[in-house]
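S.K.: Sharing a structure with you now.
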Amino acid sequence: MAQETKLLPPKLAGEVLELVKGFSESKAKKVKEIVLQEYSHAQVEPGECVGIISAESIGEPGTQMTLNTFHFAGVAEMNVTMGLPRIIEILDGRSDISTPMMEIFLKNPYSKGKDIKEIALSIKETKLNEISDSFHIDIADKSIAIALNQEKMSELKVTQTMAINALKNGAKGYTLSQVKNGLLLKKKEKEENINVLYVDKEKFKQLHVSGVKGISQVLPVKRGEEYVIITSGTNLKDVFEMDFVDETRTMSNDVFEIAEVLGIEAARQAIINEVFKVIESQGLNVDIRHIMLVADTMCNLGLVKGITRYGVVSEKASVLARASFETPIRHIINAALIGEEDKLDSVVENVMINQPTPIGTGLPSLVVKVKE
Amino acid sequence: MSEVFLNGKFVGNVDEPRLFVERAKEERRRGALGHHVNLSYYEKTDTVEIESMRGRALRPLIVVKNGQPLLTERHVRQLEREEISWSDLIDQGIIEYIDANEEEHCFVAFYDHELTAEHTHLEVAPLAMLGLASGLVPYANYNQSTRLNAGSKNQKQSLGLYVSNYALRMDMDVNVLHEPQLPVVQTSLHAISDYQKHPAGQNVVVAIMSFKGYNMEDAIILNKGSIDRGLSRSSYFRPSVAEELRYPGGLVDGICIPDKDVKGYKSERDYRLLEDDGIISPEASIGEGDVIIGKTSPPRFLSNLDEYSLDSSTRRESSVSVKHGERGIIDFVLITENEEGNKLVQVRVRDERIPEIGDKFTSRHGQKGVVGLIVPEGDMPFSESGIVPDILFSPHGIPSRMTISHLIEMVAGKVGALHGRFIDGTAFDVEPEEKLRKELLAMGFRENGVETMYNGETGEQYQAKIFMGNMYYLKLKHMVANKLHSRARGPIQLLTRQPTEGRAKEGGLRLGEMEKDTFIAHGASLLLKERFDSDKTILPVCEGCGTIAIHDEYKNKSYCPLCGDNVEISFVEMSYAFKLILDELKALCVYPKLFLKSKY
């Protein structure tokens with residue numbers, strides 16, 4: 001009885017079993033048979049060249065994609081890289097994406113809009129120069145005077161102690177003292193070079209005072225009934241630790257960060273989602289299975305690899321195939337050094353030596369038993 | 001204190017920059033400073049920049065003082081009587097040349113009735129802001145600028161009378177239009193540029209209508225009758241050159257009919273057109289492969305002594321012959337001597353080019369198109385009065401491109417043709433459309449230019465009224481006769497044994513990487529192999545060491561250069577290019593080995 005369902009993937013098998021509950025045995029068997037038949041019809045034929053078909057299916061509509069990035073002007077939404085540049089960025093497996101972004105979902109009382117502004121502000125990273133009016137270097141005294149702006153501090157919900165703590169950790173080698181309307185940092189050692197002082201000053205400006213590191217902008221948005229916080233800059237790890245954040249739905253658009261924090265399966269899904277989002281926004285129609293295949297090849301080594309000569313192409317087994325894609329000399333030299341063997345069992349190599357490619361009609365071969 | 005820069009280099013300071021610039025400009029107008037020196041004061045940076053370098057685009061403007069142009073009626077009259085010239089006006093400071101920087105600080109009026117006290121300059125003519133080629137586009141101010149650009153670019157490629165002494169010249173690759181005409185709709189630049197001396201197109205009757213789908217996608221339809229009457233015929237000239245070179249050792253090339261025992265002798269038929277001096281005669285009709293100038297050269301390498309003899313058997317054939325796919329008539333033969341004193345023969349070939357399907361035509365408004373169909377005159381649509389258009393232009397070319405000037409030229413051309421006068425279409429200074437419409441109406445035509453037309457094949461009246469008018473059409477130098485190419489078999493490259501590339505070398509048409517991918521996507525593996533086996537070879541491979549072995553055809557024996565003949569040698573089919581890369585790797589000290597395995 002369970003023979004048919006065994007051949008189906010678990011999720012589909014479960015659905016079928018659910019469906020046939022209460023059916024007579026012969027009827028249930030028939031349903032299962034039909035499902036199995038349909039399922040095997042939907043499967044790809046052996047020898048079907050899924051990679052090239054995926055490449056063509058994504059590449060051809062890609063030529064119609066507008067090259068310019070769309071900018072969401074104004075306050076309502078943030079500036080996000082979309083279109084072809086974004087697709088290239090994802091598929092190249094770049095770790096520093098041009099517009100990192102998070103969508104933070106909130107737990108119940110907060111998702112209804114409770115303290116939404118305060119929550120948003122607490123996520124946003126505040127740097128020292130945002131709460132100060134000026135950084136003044138006194139060359140004679142070898143000191144830096146920081147004038148704090150009380151107005152901004154209260155606006156950003158930062159206290160003077162927070163600034164002091166930040167400087168205590170960040171400004172090693174300086175003695176900190178509080179002066180009228182600000183702080184004074186005095187260099188402990190005698191330092192002849194004023195340039196060092198200047199470099200330090202610039203460093204202090206970027207000191208993290210409060211909020212989540214790396215998040216430069218926050219924007220609470222109402223999505224239907226729910227409030228969501230959109231940020232520019234990502235830091236999944238720290239955000240997940242905040243107790244008002246719904247970590248099951250919060251997403252980042254940085255594939256590498258997702259791979260690091262949530263694992264490779266999540267990264268694969270993130271690639272699929274991000275690429276599909278762009279393709280959809282351009283009004284193109286690409287089957288999601290093509291993108292899934294691309295995401296699979298990018299992630300099947302357990303870490304995200306781009307479709308570049310350093311990424312998935314460098315993982316190809318064949319020397320000739322690697323050499324035919326950018327920097328051939330490097331591949332040939334390296335192969336020669338270790339005496340690499342090319343089994344000639346893929347497409348490009350066989351095109352090069354003018355032999356039938358092991359795909360489609362070139363895949364099957366006739367085996368004849370010779371009578372002795 | 002403002003800083004002064006001369007051609008971008010700091011030269012000093014001035015106290016009152018504005019006054020300084022003003023005075024310097026006065027000096028320039030007086031002639032004390034060069035006419036091509038331009039000054040400008042930048043308030044933001046508080047700098048004065050003086051430019052005198054070459055390579056800046058300058059344009060002339062009439063100087064205006066207190067709202068009055070310095071150019072007066074008196075000057076214009078003097079100019080008309082040729083008492084003064086343009087350069088006199090510049091010397092007197094009436095007209096000055098302004099560069100892009102100085103123009104930023106000028107206030108230029110378009111017309112003199114717009115002048116106020118603040119204006120500093122007046123446009124010589126609004127047309128002056130266009131270049132020569134764009135100035136030749138009639139009704140240009142009715143167009144989008146991109147179309148004006150396209151229109152002027154197309155004009156540069158049109159056939160016409162490029163020089164009047166073309167019959168005496170040996171220019172490479174030139175075309176001359178037979179019976180070129182002056183356009184009915186002109187601009188003032190046509191007069192200025194002496195267009196009547198080198199016209200480049202013909203006036204034709206154009207109807208805007210579709211015709212059986214053969215003028216889709218910018219194609220145009222030509223009337224066979226018009227072509228037979230000589231519309232857009234042109235001649236194509238190409239000279240061939242041969243020189244009697246002198247080589248070290250006293251050997252020389254010889255221009256003559258080659259002897260039969262010369263190395264590389266073609267066939268007797270190929271030399272049939274040559275006269276006794278080894279040169280073809282004028283007005284001979286030639287085709288592919290025919291020899292134009294017979295020539296023999298001494299052997300390339302002198303190895304043994306008998307090659308020093310003047311015996312013709314050692315000489316090699318080096319005649320000039322008609323290239324693949326070309327034909328024509330010998331137009332002109334020139335025998336002369338070059339700078340080194342060598343005998344030089346130049347033969348010009350002429351080919352009459354009658355418009356055919358695939359030739360490129362354009363109006364002056366960036367509406368280029370290729371001939372899609374040539375229709376017999378009897379099948380062409382005709383108007384009530386019996387007018388048959390020369391060209392049918394597709395209406396779909398108009399809305400997206402918004403070339404209003406194209407439509408206006410048709411109306412204007414119609415008026416001009418019916419009246420027998422030229423119409424002025426100078427940009428910003430045109431004969432108004434309303435006037436043209438009124439004239440058309442007065443002559444008994446519909447004022448909007450449409451006419452009742454009849455189907456040439458059935459005689460039925462078309463329901464729609466067809467817009468028809470006269471236009472100036474240009475034949476462009478891109479003709480199919482120069483581009484048509486196909487090949488099934490042909491020459492291959494020596495190095496790779498792959499087909500040659502390009503029409504000139506009778507090359508193959510590449511099945512590129514993306515085309516290859518489509519074969520793979522279809523799983524057509526064996527078809528793919530066949531498509532790429534243009535350079536396949538069968539090579540002996542040593543199964544012992546994996547190198548390419550040697551096969552001796554005489555002894556019918558194979559042996560390996562490394563393992564000797566006591567080893568298994570198999571014949572393998574592969575592409576020659578792959579064999580080549582194996583050899584190249586060996587040259588790079590990389591030792592590729594082939595391990596053979598039975599396929600089954």
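Where a number appears in this text, it was derived from the coordinates with a stated rule and is not lab data. The structure presented is a predicted model; accordingly, all values stated were derived computationally and were not measured. Every residue, glycine as well, gets a Cβ built from its backbone with ideal geometry; the counts of neighbours run over all protein chains shown.
S.K.: Relative contact order for region A:126-210: what percent, with Cα pairs under 8 Å and sequence separation of 6 or more?
M.R.: 42
S.K.: Under the definition of Cα pairs under 8 Å and six or more residues apart, what whole-number percent is the relative contact order of region B:532-600?
M.R.: Once divided by the residue count of region B:532-600, the mean separation gives 36 percent.
S.K.: Helix A:160-170: angle to the longest alpha-carbon principal axis of chain A, degrees 0 to 90, nearest 10?
M.R.: Compared with the principal axis, the helix lies near 70 degrees.
S.K.: Toward the positive end of the charge dipole of the protein assembly as shown, about the Cα centre and with charges on Cβ (Lys, Arg +1; Asp, Glu -1), which of B:174, A:196, B:502 goes farthest?
M.R.: Toward the positive end, the furthest listed residue is A:196.
S.K.: Moving on to the next point. Which shape class, rounded, prolate or oblate, goes with region B:377-416 when its Cα gyration tensor gives a ≥ b ≥ c as root eigenvalues, a/c under 1.5 marks rounded, and past that a/b bigger than b/c marks prolate?
M.R.: It is oblate, given that a/c is not under 1.5 and a/b is not larger than b/c.
S.K.: Starting from the Cα of residue B:458, move 7 Å in the Cα-to-Cβ direction to define the label point; list residues of region B:380-395 whose amide nitrogen is under 15 Å from there.
M.R.: Answer for this model: B:380-382.
S.K.: OK, next. Sequence gap at least 6, Cα distance under 8 Å: using those rules, report the relative contact order of region A:318-362 to the nearest whole percent.
M.R.: After rounding, I find 35 percent.
S.K.: Does anything in region A:202-245 have its amide N under 15 Å from the 7 Å Cα→Cβ label point of residue A:107, and if so which residues?
M.R.: Counting backbone N atoms under 15 Å from the label point, the list is A:239-245.
S.K.: Something else now. Taking 7 Å along the Cα-to-C-beta vector as the label spot, tell me the residue B:593-residue A:300 distance in nanometres, rounded to one decimal.
M.R.: About 3.0 nm, to one decimal.
S.K.: Let me ask something else about it. Output the pairs from B:295/B:505; A:112/A:277; B:197/B:368; B:224/B:475; A:117/A:222 with a Cα-Cα distance over 18 Å in this structure; if there are none, say none.
M.R.: Beyond 18 Å: B:295/B:505; A:112/A:277; B:197/B:368.
S.K.: Roughly how many nanometres apart are two label points built 7 Å out from the Cα toward the Cβ at residue B:156 and residue A:165?
M.R.: 6.9
S.K.: Within the set A:152/A:180; A:316/B:586; B:360/B:483, which residue pairs have Cα atoms separated by over 19 Å?
M.R.: A:316/B:586
S.K.: Classify region B:77-143 as rounded, prolate or oblate from the Cα gyration tensor: take a ≥ b ≥ c as the square roots of its eigenvalues, call it rounded if a/c is under 1.5, otherwise prolate when a/b beats b/c and oblate if not.
M.R.: Oblate, because a/c is 1.5 or more while a/b does not exceed b/c.
S.K.: Distance between the C-alpha centers of region A:164-183 and region B:197-242? Whole Å please.
M.R.: One Cα centre to the other: 85 Å.
S.K.: What is the helix-to-structure angle for A:10-19, meaning the angle in degrees between its Cα long axis and the longest Cα principal axis of chain A, kept from 0 to 90 and rounded to the nearest 10?
M.R.: 70
S.K.: In chain B, what cysteines have no partner Cβ closer than 4.7 Å?
M.R.: That list is B:106, B:256, B:545, B:589.
S.K.: What is the angle, in °, between the Cα long axis of helix A:328-338 and the longest principal axis of the Cα atoms in chain A? Nearest 10 is fine, range 0 to 90.
M.R.: The angle comes out near 80 degrees.
S.K.: Separate question: Cross-link candidates for residue B:555: which aspartates and glutamates have Cα within less than 15 Å, leaving aside residues fewer than 8 places away along the same chain?
M.R.: Cα-Cα hits under 15 Å: B:565.
S.K.: Counting only other residues whose beta carbon sits under 15 Å from that of residue B:136, what net charge do I get with K and R as +1, D and E as -1?
M.R.: +1
S.K.: When chain A is modelled as a GNM with alpha-carbon springs shorter than 10 Å, which of A:157, A:172, A:201 fluctuates the most?
M.R.: A:172
S.K.: Now for a separate question. Return the calculated 222 nm mean residue ellipticity for chain A, to the nearest 500 deg cm²/dmol, obtained by summing -39500 (n - 2.57) across DSSP H runs with n ≥ 4 and dividing by the residue count.
M.R.: Numbers: 17 runs with 159 residues, N = 372.
Only helices count here, giving -12000 deg cm²/dmol.
S.K.: Still on this structure, please answer the following. Label the protein assembly as shown by shape, choosing from rounded, prolate and oblate, from the square roots a ≥ b ≥ c of the eigenvalues of the Cα gyration tensor; if a/c is under 1.5 it is rounded, and otherwise prolate applies when a/b is larger than b/c, oblate when it is not.
M.R.: Judged from the Cα gyration tensor, the protein assembly as shown comes out oblate (a/c at least 1.5, b/c at or above a/b).
S.K.: On to the next question. Given B:414/B:465; B:438/B:465; A:190/A:213; B:153/B:414; B:323/B:516, which pairs have Cα atoms separated by over 21 Å?
M.R.: Long pairs (Cα-Cα over 21 Å): A:190/A:213; B:153/B:414; B:323/B:516.
S.K.: Nothing charged except the Cβ atoms of Lys and Arg (+1) and of Asp and Glu (-1): what's the magnitude of the dipole of region A:3-42 about its Cα centre? Round to the nearest 20 debye.
M.R.: On the way: 7 positive and 6 negative charges, 17 e Å.
Once rounded to the nearest 20, the dipole reads 80 debye.
S.K.: Enumerate the lysines that residue B:25 could reach by cross-link, defined here as Cα to Cα under 30 Å, with residues fewer than 8 away along the same chain left out.
M.R.: B:9, B:44, B:65
S.K.: Using the membrane-span-like helix rule (whole DSSP H runs, Cα extent along the own axis of at least 20 Å, mean Kyte-Doolittle hydropathy at least -0.5), which helices of chain B qualify?
M.R.: B:404-419
S.K.: Further question on the same structure: Run lengths n ≥ 4 of DSSP H only: what is the helix-derived mean residue ellipticity at 222 nm for chain B, with -39500 (n - 2.57) per run over all residues, to the nearest 500?
M.R.: -5000 deg cm²/dmol
S.K.: Quick check for me: using +1 on Lys/Arg Cβ and -1 on Asp/Glu Cβ, what's the dipole size of chain A about its Cα centre, in debye to the nearest 20? List each step's numbers first, then the result.
M.R.: Values: 44 positive and 52 negative charges, 183 e Å.
Taking the Cα centre of chain A as origin, the dipole is about 880 debye.
S.K.: Please compute the modelled spin-label separation between residue B:570 and residue A:179, points set 7 Å along Cα→Cβ, answer in nm with one decimal.
M.R.: For the pair residue A:179/residue B:570, the computed spacing is 8.8 nm.
S.K.: Tally Lys/Arg at +1 and Asp/Glu at -1 over every other residue whose Cβ is under 13 Å from the Cβ of residue A:42; what's the total?
M.R.: Cβ neighbours under 13 Å give a net charge of -3.
S.K.: Please enumerate, by chain and number, the lysines with C-alpha under 23 Å from the C-alpha of residue A:11, excluding those fewer than 8 residues away in the same chain.
M.R.: A:21, A:27, A:29, A:30, A:32
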